[in-house]
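Worksheet: one structure, shown below.
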């Protein structure tokens with residue numbers, strides 16, 4: 001087998017694997033979310049957002065079924081924290 005032919009076969013194999021991998025990843029991107037089932041009662045009310053100075057985490061809070069929910073986040077980072085205050089007296093049970 002000549003060197004040119006070996007080189008061509010290697011390039012063709014790399015191209016084929018790249019195309020297959022790319023097609024597979026596009027399929028994954030269009031796949032529907034596999035989240036847990038949820039009820040039809042969705043709380044789409046806006047949250048109160050607390051913006052902190054640069055370098056500190058921001059927070060969002062809202063009431064849900066009489067409980068106050070806090071979510072801490074920082075910009076577009078991939079982490080956050082959730083805290084729930086059960087039976088918060090500042091929350092009304094109107095959302096139930």
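The values are calculated or read from the model by the stated rules, or taken from the named source; none is laboratory data. Worth saying up front: this structure is predicted, and the values here are computed from it rather than measured.
Keeping to the stretch 65-96, report how many residues are more than 21 Å from the chain's Cα centre (by Cα) and not in a loop (DSSP other than H, G, I, E, B). Please lay out each step first, then the result.
As a first pass, look at the stretch 65-96 and keep what is more than 21 Å from the chain's Cα centre (by Cα): 65-68, 85-96.
Keeping just the survivors that are not in a loop (DSSP other than H, G, I, E, B) gives 67-68, 85, 93-95.
Number satisfying all stated conditions: 6.
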Check: Which of (1) modelled with pLDDT of 85 or more; (2) outside any loop (DSSP other than H, G, I, E, B) is the odd one out, the single condition residue 53 does not satisfy?
Finding: (2)
